[in-house]
Each structure stands twice: as structure tokens, then as C-alpha cells.
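The values are calculated or read from the model by the stated rules, or taken from the named source; none is laboratory data. Keep in mind the model is a prediction, meaning the values are calculated, not measured. Here the Cβ positions follow ideal geometry from the backbone for every residue, glycine too, while neighbour counts run over all protein chains shown. For accessibility, only protein heavy atoms count, side chains too; no ligands or nucleic acids. Shrake-Rupley method; radii C 1.70, N 1.55, O 1.52, S 1.80 Å.
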Amino acid sequence: MALATFVLIRPGLLSGQNVDGGLTGRVLDASGRAIAEVRVEVWGPEIQGVRLGASDDRGLFHIAGLPVGLCTVRASRVGYRSVRFEDVSILLGTITNLGDIGFQPDAIQLPDLVVDADRPVIDPLNPGMISGLDARDFESFPVAGRNFHSILQTLPHANASFLGDEIVIGGSTGLENTYYVDGANVTGPRLGRGGTRLPWNFVQSASVRNGGYQAEFGKALGGIVDVVTHSGANDFEARTFGFFRGSALADKPRTGLADLRADAFHEIDAGFRLGGPLISDHLWYSAGYNLRVESSDREVIEGTTFVDRETIHAFMGKLKWNPSVDTDVEFSVFGDPSSGDAVGAAIPSLPSPGNVLNPETLVGNRRAGGGAISARIRHRGSETLSLTADFSGHWRTDALQPASASDTPLTLFVDNTTNSWSGGLGNQEESRAQRLGFNLAASLSLGSHSPKFGFGYENNRVDFVFRSDLLTLIDDDSYFWTRQHSEGEHHNRTPSIFLQDTWRINERWALNTGLRWSQQRLAGDGGSGAQAFPGEWQPRAGIVFQPGTVGTQRVFASFGRFYQQLPVYFSTLFNAPFTLELSWFGADPRATDVMPDSSLDLTLDTFPELGSLSAEHFDEVTGGYERSVGRGYVLGARVIHRVLRTAFGYGVNGDRSSYEIIGNFGEGALDFLPKPERKYSALELTLRRGGPAHALRGHLTYVLSRTHGNYAGLFASDQGVAAPHNTPSYKFEEQGHNSTGLLPNHRTHVVKLRASYRASARLEVGTFISVQSGSPLNEFGAGAQCPFCPVFLVKRGSAGRSPVLWDVNVTSFYDVKMAGMDGRFHVDLLHLGSPRRATWLDQTRFLSQDPEGNQINPNPNFGRPLAYQPPMAVRLGFELGIGNQEH
């Protein structure tokens, strides 16, 4: 039987993010002629009632907006034997293709013909590639973290950065990803960090888009991460779980210069999830709670330890209502508020200290996380029209304050001559962020065309208070003191409109075209200061061709322009009352009556609005090939090329006459800085196998890539600092020399294998293995105007490589029956072999520059590791419950 034929598919009910998938196929008689009016029924544990569809005069059927998970499909028509497909996988953001379904005449009533639906999914319309994971993958492919962020690193082009910005995707930094949970944008509004940390026990499915997608998707230069939480079902289900890991079950860690020695580490992670019907087939609920406590003793001064502790309360709840056959309503609430005591540097951009004279420089209190809601109504108005409307809100708090018991002033004193720290924490801040958004979209099915259009709006608000106080001894008689203070309410308002169409040219060819328009407006305190970024026009085009037997392979290509949604962080610096004091002293200013040799005091209420500015965006070209090979295997290859077109931020001219100049780098008043460059080119090879009926499932990938330029992105990777548009290595004219080369998150070769094998009805084992090239290294010197704004002493990325990193993780779980409940016991072996290789090295060669421009004060820690891979560890866990659960 031929696999999927090319079909016209009515677009899913989406509005810039995915919460579901779709199903298609073609019905033929014994002579190969199409059969019309075939009734198609879809049901399963994730579907309320039965979803219906019918074939047209071409034999094609398509059902959109199906919940992710396993389902059963039955096709029937009077006079023919019915065909039933069991365990059909509906994947997030993907069209599952049942292919050509052969109908046989049925003179007498015969039982359904059951067909194996466990076949590779080759999406017939998507000109890009979506990497997806479902609930089974989260258990089967082990990683150190138990939230959905950690599992993303198993996907192609998505790698842990090791520099502080979590997951980097497709040559971009971690602050350039966008995260959705149940349709709600949960990306941090202030900095753009990853969203709500939910345990994988709450997650039904996750997917990552990193190229080739249509105009309805935007707001990211990295990847778009979609997550869907579990829903209830007609059968009651209750699950409880618990996991533990700690230093008693781990090898000894290696301590880098940016780390504090940690002892007595433990993580306790426990919770529950339950769900069921309130009204069978019409109203379902699901709810869960997870308490996670992480604690370790950290030595800040030899012989003196403090407890670094974080307590996270993760929760979720969902209602799904099906008031009629054609209408679905869904409401979700979830969150991850946390609090604890933080032990570590509050100013991560500083070179690591060789000596800490008092603990208050490294000990503070922190609060983080928050909550979100989403509501969605989807209505199928007719055979040709589908409508959707959704609303979402996300709230979070991020705060760091000095330890409450400390009477030490805030000022952090850094002595470059002895490489020692003393005084206070140096930074304190608190931000309360809110993201509100709504979307409206309509999908049409008009013969061979499937147009879709929609409108969206977001208001991102941040209430922010920040203070920084840093005194530096540059050499024996030269001091530099910088003090900052900012507070206010800030917004980024972002309307967007898209129009797109999928055109089936014939059974082998499909053309996707679209245009997205968006606008951004950063507004400061009270709306008095603002900066608009108008006219973000983003054309998209993609084509798919199916050679050979239709449905067994595809060739695809795409072009698109993609804009980044700007974090509000920049507005907190320039669109509100902001005070910056810079002072240079010839003697210790902490003594009485010491006056500065020179100083610069800036008090900015708002920065004047400038015209013709553009947010970060790139142009992308992709192409690829995919085909089914043997039973259950899919082989694929893809090339991707991204070119950054511009970047926005501020620079500083050499004579200090105008300290901050805002604009697009390399243009206008910022023409003394080089034009920003970042190019990402990659070849991806994949081999995957999967499906419920396969004992062996897995995904093997190899990515050959190059990330080259002079601009890392919104995350200042050179220093490991989250400061969008405020990059310490891209401010002064002198920093342009030697600044173009391999960028920090460049890794030439990355190989990943994730696989699982069900050895018996009760035992399954899984693994995640990765090997990746080292990252490029630099030699930094101190800047003339700012000692912590480095210059490149040699060509960027040419000072060697960090070590090659390899990591092996293995999990096993055993299913049992006990006291009428299903039980599952987990043993995870993390970082087998305990490689503990260096992940980040100190690249600052000199700490200061004298008035003649000579680099002075060699850094004794140059070339030494700042951080290492974690050691081998064991994690133990269990799950107990009643009710149905997919494995």
C-alpha cells in the first residue's frame, strides 16, 4: 500500500503557537479510483467525543485541531469493508498522514479491517522540519533536569550553552527563543529568558520550530518552543511521583573559578497529577502540583559555608469543554513561583575573584517565577471556515537582594592588583513582569487553496527597580567607581498581522506563501519615553515536492525573514529615570575627603525617540530531503543558512562627550562601530525510528555548523551576561579590532543519539548520548574607557578551543502492579564516566590598561576553567497511580 499521498489540508486552528496536530489521508477503491463521502471517525483518550470528517470527490479527507496523543481512526462507507487504524500518533504541529487507504467491496458485513498505523510521519505540506517530543520521550530519554527545558537539548540545533543562557538554537543565543505553554507566551518579558519550569510529568507534548515555518509564527531568532500540558479524559486518572538525587549518590564535582565549592547537595522532587471527567465527553479536568527543593552547602570563604537553597512550587490545572460538535473551549492555569537563598556573584560579567574577604559579596536572597493563564475558543463554522480566539496572561517576579542579616553596604570592592573581592553584593534588583496577549485567526478551505489570516496583540509590562554599586582598584593608585540606579514601569506593545496560503499545485507539489507584519514600541515610565520599531515586514515562502511513490519522500525548501521580539530590558535603561555616576580617583575614595580626578554624572529622565530604527532580524534559506527507509525508519538531510541583517543597542564614543548613543550598530551616529555580523550555516543529517508498536525508538542526528561574525546576540556570550542590547564587548570603537570570527556558541560537530528499547512488558531502558566539538576561545584585554568592556587582543575565536564534550545518560524503569495500582520505578544514571571536562574558561588575559594604551595587570586565572561538566550521579524515582496512562 502506498504511503501518504499529497493532499490539501485545512490549516489547524492555530494563532502563532501550536496546541494540536492534524490528520489526513486518501481513500481509493481496488482499481485506484477515489471514493467520495467516506465517513472518517477519530476517537481516543485525549479527544472529547468523536471527531468526524469525510472524503471529497478526490478521496481526500483532512481533520484539523486534533489533540496530541494516540487515537483510533475508522473509515467507513456503505458497500465497502470498513478500515480501522489503531494507535495513530497525533504530533504537535504536524500533519499525520495515513496515506492511501484501499477499500474493498463488502457484499456481506465483515468486521473492520485493522491496519497497522505505526508508520513514519512525513508531513506533506510543511516546508521546514519540526522536532517533537511526547510524554513517553520525557521518561525514556534521560537528562539531568526534570523540566521540559532540559529535554530540549536532545534535539538537533539545540545545545546547552554552558554560559548562562540555557539552550541555544540555530546559532542564536538563549534569549532569542520564544516559549509557549498551552498557547500562552511564557518567555520572560524583561530579559527574554526561558519560560515556566514545569516538570515533564505535567507535559503531554513539546516541539521546537527552528526554520522554514509560515507567517503565522514569529517573535524569535532562535527557536519557537511549544508545550502542551496533560488534559483529562473520560476515565479518572491519578498519579503521584517522587524523585531524589544528591551528593551521596554522585561522584565528587570539579570546582571552577566561577563556582563555589558545593557539598551536601540534594534535590527532593515530589508531586501528583490527576484528571477525569466532570461531564463525560463534554467537560474534563486535569490538575497537578510539584514541590522541588534544591539545596547545597557552598563555601564562600575557606572554612565558611552558606546554604544555597531554592524551593519551587510548580502547579497546573486545565479544563476542556466541548459544548457542541463544532466548538471547543480550553482554559489552563499553571506556574512555578520559587524563593530561596542565593550564593554566588551578583555581577557575573566580572572576572572571577581569586580571594573573597567577606561573604556578603556573594550571599543574597532571591525570588523568581510566577504564573500564567490561557483561554481558547475554537469553532468550526462550516466545511470551509474555522475560527479561533485566545487570550493569555503571564506574570512573574525576579528579585535579588542582599542577605537580610547583613549590615554591609551594597558597594562591591574589586581589587585587581590582588584579585580579591570585599564589601557588599554590588547589585540588587526587583522586576515584576506581566505579559497579556490575544489572537484572532480564521482558516478557509477553498478548493486547492487554504488561506489563513489573523491578528495578534501583546502588551509586555515590567515594573523594575535596579541599583548597582561597584568600586574597582585598577592599579596601585587608580580607582574606578560606577554607580547606577533605575526604576519605573516599562512596556513593549506589539501588534501583528499575518496572511498566508497553502496551494496544492498538484498531487506532488505544494507552495506555501505568506506575509507577516509586526510593530514594536518600547515605552518608558508613564509612557513619556518611547522608541518605536515600525514596519517589520516578513515575507515567507516554501515549497514541497514528493518524488517517486507519493508520500514516501519529500524535497523541500524555504525562504523567510524573521524578527526578534525585543525584551523590555533596554527600556529599563533608557526610557525611565536613570542615574549613572562614573568617577576616576587617584586615591582610595572610601577615605575621608577624597575627591575624584574626573567624573561623569548622567541623569536621564527619558531618551529622545529616534526614527528609522530596526529590531534584530535575519534572512534564512533552508532546503532538505526526507524519505522513509525500511520499516519504521525515516532518513533526512537539511541545510540552513541564516544571515543577521541588523542589531540594535547603544555605543559610547571615545571622548565621552556623549556617553550613550542609541541606534542600529554601524549606522548613523553609531557608524564608529562595525556593522553587526552573524552567520549560521549548518548541515543536518537525521535517522529516526518511532511509534507505539516499535520496541526500539530513537533519533540519531549529526550537525555540521559554523557560527561566525562579531555579534553574539541578545545574550552577551563573551562575558556570560544577560543584558540584551547592552553588550560589554560591543560599545567602543576600539572593540571593533579583531572582533570578527567564530562566535562563542559555535560548535563545529555535534552528534546526538536518543533511543529507548522495551526489553519486556515491564522493563524499558533509554539513553541520551551527545558528543560536541569545543567552543572557540579568545584573548581579552581591558578597554581604555571601561576595564570591564574588553578588547580582542587576537582575532575573535582564534585563541584555541575548549575541550571536546561528551555525555552519556542511561535510564531504566520497571512497571509493577501493587495494591490495585500501576507502579513504575526509575533509575537514572547521569553523566556516566563522570567526564567533568571544562565547559567555560577564563579568557581575560589582562585586567587593566594604562594611559598609554598598554595592557597591564595580567590575569592569573587566564586560561583556567570557570566551570566544569557535572559529575556522574544517580537519580532514583517512582510513580504510582490508577487509571489509563500511555507508555
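Some values worked out for this structure:
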quantity: Selection from region 282-303 of residues that are surrounded by fewer than 21 Cβ atoms within 10 Å (Cβ to Cβ) and more than 28 Å from PHE244 (Cβ to Cβ); calculated: HIS282, LEU283, TYR285, ILE301, GLU302, GLY303
quantity: Of all residues making up region 190-215, the number that are part of a loop (DSSP other than H, G, I, E, B), under 30 Å from THR513 (Cβ atoms), open to solvent by less than 10 Å² (accessible area, probe 1.4 Å) and not aliphatic (A, V, I, L, M); calculated: 4
quantity: The lone exception for THR622 - which of (1) under 17 Å from THR482 (Cβ atoms); (2) crowded, with 22+ Cβ neighbours inside 10 Å it fails; calculated: (1)
quantity: Residue in region 240-258 that is within 29 Å of ALA723 (Cα to Cα) and within 25 Å of the chain's Cα centre (by Cα) present; calculated: yes
quantity: Residue that is in a loop (DSSP other than H, G, I, E, B), surrounded by 17 or more Cβ atoms within 10 Å (Cβ to Cβ) and without any contact (Cβ under 8 Å) to a residue 60 or more places away in the chain, where the choices are LEU410, LEU350; calculated: LEU410
quantity: Looking only at region 216-231, and only at residues there that are over 13 Å from the mean Cα position of the chain (by Cα) and part of a strand (DSSP E or B), the one that is nearest to PRO337 (Cα to Cα); calculated: THR229
quantity: Given (1) part of a loop (DSSP other than H, G, I, E, B); (2) modelled with pLDDT of 90 or more, index of the condition PRO728 fails; calculated: (2)
quantity: For GLY548: the one exception among (1) farther than 26 Å from PRO728 by Cα; (2) open to solvent by less than 50 Å² (accessible area, probe 1.4 Å); (3) under 27 Å from the mean Cα position of the chain (by Cα); calculated: (3)
quantity: SER207 being out of contact with any helix residue (DSSP H, G or I) (no Cβ under 8 Å at 6 or more places or on another chain) and free of Cβ contacts under 8 Å to residues at least 60 places away in the same chain; calculated: no
quantity: Out of SER770, SER760, sole residue that is open to solvent by 40 Å² or more (accessible area, probe 1.4 Å), over 30 Å from GLY853 (Cα atoms) and either hydroxyl-bearing (Ser, Thr, Tyr) or part of a loop (DSSP other than H, G, I, E, B) (or both); calculated: SER760
quantity: Residue satisfying condition, being under 30 Å from HIS617 (Cβ atoms) and in contact (Cβ under 8 Å) with a residue 60 or more places away in the chain, within set ALA442, ALA523, ALA510; calculated: ALA510
quantity: Selection status of PHE162, assigned to a loop (DSSP other than H, G, I, E, B), open to solvent by 10 Å² or more (accessible area, probe 1.4 Å) and closer than 24 Å to LEU832 by Cα; calculated: yes
quantity: Restricting region 696-740 to residues that are touching a Ser or Thr at 6+ places or on another chain (Cβ under 7 Å) and among the hydroxyl-bearing types (Ser, Thr, Tyr), the residue that is farthest from PRO156 (Cα to Cα); calculated: SER717
quantity: Residue list for region 232-257, restricted to those being assigned to a loop (DSSP other than H, G, I, E, B) and out of contact with any Gly (no Cβ under 7 Å at 6 or more places or on another chain); calculated: ASN234, ASP251, LYS252, PRO253, ARG254, THR255, GLY256, LEU257
quantity: Residue satisfying all of: in region 704-725; out of contact with any strand residue (DSSP E or B) (no Cβ under 7 Å at 6 or more places or on another chain) and outside any loop (DSSP other than H, G, I, E, B); most open to solvent (accessible area, probe 1.4 Å) among these; calculated: VAL721
quantity: Selection status of ILE268, surrounded by fewer than 17 Cβ atoms within 10 Å (Cβ to Cβ), at pLDDT below 95, within 30 Å of the chain's Cα centre (by Cα) and not polar (S, T, N, Q); calculated: yes
quantity: Strands (runs of 3 or more DSSP E) enclosed by region 449-549 - at least 2 residues per element that are closer than 30 Å to ASP597 by Cα; calculated: 449-475, 478-504
quantity: Region 369-400, residues that are open to solvent by 20 Å² or more (accessible area, probe 1.4 Å) and either outside any strand (DSSP E or B) or basic (Lys, Arg) (or both); calculated: ARG380, GLY381, SER382, GLU383, THR384, ARG396
quantity: Selection from region 790-826 of residues that are outside any loop (DSSP other than H, G, I, E, B) and more than 30 Å from PHE244 (Cβ to Cβ); calculated: VAL791, PHE792, ARG801
quantity: Qualifying residue in region 71-80 (condition: at pLDDT 85 or above, farther than 25 Å from SER382 by Cβ and not aliphatic (A, V, I, L, M)); calculated: yes
quantity: Selection within region 350-391 - within 14 Å of LEU440 (Cβ to Cβ) and aliphatic (A, V, I, L, M); calculated: ALA375, ILE377, LEU385, LEU387, ALA389
quantity: Residue list for region 320-371, restricted to those being farther than 15 Å from GLN428 by Cα and of a type in the set (Val, Ile, Thr); calculated: VAL325, THR327, VAL329, VAL333, VAL356
quantity: Residues of region 426-454 classified as over 22 Å from GLY370 (Cα atoms), at pLDDT 90 or above and hydrophobic (A, V, I, L, M, F, W, C), total; calculated: 4
quantity: Checklist (1) part of a strand (DSSP E or B); (2) crowded, with 16+ Cβ neighbours inside 10 Å applied to ALA345, failing item; calculated: (1)
quantity: Residue ID - surrounded by the most Cβ atoms within 10 Å (Cβ to Cβ), chosen from residues in region 304-337 that are touching a residue at least 40 places away in the same chain (Cβ under 8 Å) and among the hydroxyl-bearing types (Ser, Thr, Tyr); calculated: SER332
quantity: Selected residue [surrounded by fewer than 20 Cβ atoms within 10 Å (Cβ to Cβ) and touching a residue at least 60 places away in the same chain (Cβ under 8 Å)] from PRO870, PRO858; calculated: PRO870
